[in-house]
Structures are given as C-alpha cells and as structure tokens.
Amino acid sequence: MDQPQKPLMKAQIAPLRALQDLDKQIFRWNKDRMQKPRALEPLDREVNATKGEHDGKLKAAKDAKLEVEKKELDLKERDERRKRLEGQRDTSKSNKEYQSYNLEIAAIRTEAGKIEEEILKLMASVEDATKLAGDAKTAMDAALGKHGEAKKGVDAEIAKIDEEIRGLRERRAAAAKEVDGEFLKIYERIHKAKPDAVALAAVVQEDDGYHCGGCRMGITFQDVNTVRKGKDPVQCRSCSRLLYLEAKPQAAPAK
C-alpha cells in the first residue's frame, strides 16, 4: 500500500500565515484587555487614600468618645464617694470628725469640678472629630462612586474585547483545521513559547546577506535554499521561528 505523501512546507505557508494573523489579533486584544484595569489605578489610589483618611478620623472620634466615657466614669465614682462620705459625716459623733469629712468632701468636689471641665473640652473634641470623620466619609464615598462608575466603563470595554476574542478564536479553530497536523504541532509549540505569540518569520534580504524577520539574526545560505525549495520546515537557528519566503525575499526596512 502506498504511503500518504508528506505535505510540502510551501503548501502550508498560506494557511499558517492566516493562522498567524488571527493569533496576532488575539494577542493584541488580550494585551489591550490586560491594560484596561490599569485605568482604574489612579482611582484605586484615591479610594485607598480617602479610606485611610476616614479610618484615621473615625478612630480619633472613637478614641475621644472613650476618653469622655472614662472621665464620666471617674466623675460618677467621685460622686458616689462624696455621697457616701456625706452620709458618714452626718452620723459623725464629734465636730472634729465632722470637719474632717467636710475637708475630704470639698477635695472630691474640687476634683469633680476639674473633671467636669475636662469632659466639656473633650466633648468639644468629640464634636470636632466626628465632623472631620463625616467629612472624610463624604470624600471616601465620592471616591468610591467615581471608582464604581469608572469600573462599569472598564467592565463594558472588557466585555466587548472578550466578544472580539471569542469571534477570533472561533475563526482560529477553523483556520487551524486548514494546517497539516505535523506542521500545526510545530507552529503551536513555537507560538506558545514566544512572548509576542509570533511563530512565523519572513526571510529578510539585506546587503550583508539574509536575516530572520523575527529576531534579525543571520540565516545561512543553506537554510535559505532549503526554505526556497519549500519541502521541509526550517526554523531560525536563533529564535526557532518557522521561516518562509515572500514572493520575493522581504527587503530590510530603511534605516
């Protein structure tokens, strides 16, 4: 039984280039997709900054309230002690004992008066801190609102890109069927290994000889002749891309 004839490389160039063109488009769309969230980075920083400011102001307000509560507890303890001493004074059996209680009660009232003044000052601080925390929350909410609106726009753009990529992938699947299986394996292996997703490279003719259009490294005349014959696949000895010839070798871009 006759063995099936191995396909020629030159017959695979057109379908491979069609596949490569689709892969380039997919690559560009994916790259664009990855860039989209970066548009939110300034707003992310603004949200984080306003949130940090709000958290700090809110903590300051809470701390001030706690200080007021501590002072009020001190005041309550002194008031209870004063009342207890007043009861003991009223049952005292001597004038000396009575006066001793009065002195102690007066000292407590003096301390209580100072604490009341401190509480009034702290309550003003609480009011100021609460207002600052409210202002910080307003700024934070505004930043979150801007971020939310911007994210909706970014998400919509990403959705459009995903739709484009889905369409291209469907076309790619059809284009891949037009390539011989062995050549497709070589192409896919190179395609996946390259950061730019480019697996094919044209032979570029320059004054000093032939070069790979992918990595710009030199190509031997022997390899160029093999490419020209179009029978077997030839990979660049430097970057491993599959080499092909244009109708005429591609001229180097003007320097």
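The values are calculated or read from the model by the stated rules, or taken from the named source; none is laboratory data. Predicted, not measured: the structure shown is a model, and the values here were computed from it. We place every Cβ from the backbone using ideal geometry, glycine too, and count neighbours over all the protein chains shown.
The conditions are (1) within 30 Å of Gln235 (Cα to Cα); (2) surrounded by 17 or more Cβ atoms within 10 Å (Cβ to Cβ), and Asp32 fails exactly one of them. Which is it?
(2)
Between residues in segment 114-141 that are assigned to a helix (DSSP H, G or I) and residues that are of a type in the set (S, T, N, Q), which pairs lie under 9 Å by C-beta distance while being six or more apart or on different chains?
Ala136/Thr50; Lys137/Thr50; Ala139/Thr50; Met140/Thr50; Asp141/Thr50
Report the residue count in segment 65-111 for those that are more than 60 Å from the chain's Cα centre (by Cα), exposed (fewer than 12 other Cβ atoms within 10 Å of the Cβ) and among the acidic types (Asp, Glu).
Within segment 65-111, residues that are more than 60 Å from the chain's Cα centre (by Cα), exposed (fewer than 12 other Cβ atoms within 10 Å of the Cβ) and among the acidic types (Asp, Glu) number 1.
Looking at segment 192-206, which of its residues are exposed (fewer than 14 other Cβ atoms within 10 Å of the Cβ), in contact (Cβ under 8 Å) with a residue 24 or more places away in the chain and in a loop (DSSP other than H, G, I, E, B)?
Within segment 192-206, Asp196 is the sole residue that qualifies.
Does Ala175 meet the test of being touching a residue at least 24 places away in the same chain (Cβ under 8 Å) and closer than 27 Å to Leu8 by Cα? Explain how you work it out, then say what you get.
Values: touching a residue at least 24 places away in the same chain (Cβ under 8 Å): yes; closer than 27 Å to Leu8 by Cα: yes.
For Ala175, the condition - touching a residue at least 24 places away in the same chain (Cβ under 8 Å) and closer than 27 Å to Leu8 by Cα - is met.
Any idea how many residues of segment 209-225 are in a helix (DSSP H, G or I) and in contact with a strand residue (DSSP E or B) (Cβ under 9 Å, 6 or more places away or on another chain)? First the steps, then the outcome.
Within segment 209-225, the subset in a helix (DSSP H, G or I) is 221-225.
Filter once more, keeping what is in contact with a strand residue (DSSP E or B) (Cβ under 9 Å, 6 or more places away or on another chain): 221, 223-224.
Total satisfying the criteria: 3.
More than 30 Å from Leu22 (Cα to Cα) and touching a His at 6+ places or on another chain (Cβ under 6 Å) - does that describe any residue in segment 139-159?
Within segment 139-159, one or more residues are more than 30 Å from Leu22 (Cα to Cα) and touching a His at 6+ places or on another chain (Cβ under 6 Å).
Can we say Leu144 is closer than 28 Å to Arg28 by Cβ, at pLDDT 95 or above, part of a helix (DSSP H, G or I) and under 30 Å from the mean Cα position of the chain (by Cα)? I'd like the intermediate steps shown before the answer.
Numbers: closer than 28 Å to Arg28 by Cβ: no; at pLDDT 95 or above: yes; part of a helix (DSSP H, G or I): yes; under 30 Å from the mean Cα position of the chain (by Cα): yes.
It is false that Leu144 is closer than 28 Å to Arg28 by Cβ, at pLDDT 95 or above, part of a helix (DSSP H, G or I) and under 30 Å from the mean Cα position of the chain (by Cα).
Sort out which residues of segment 235-255 are aliphatic (A, V, I, L, M) and modelled with pLDDT under 95, and write them in order of number.
Of segment 235-255, the ones aliphatic (A, V, I, L, M) are 242-243, 245, 247, 251-252, 254.
Leu245, Ala247, Ala251, Ala252, Ala254, listed by residue number.
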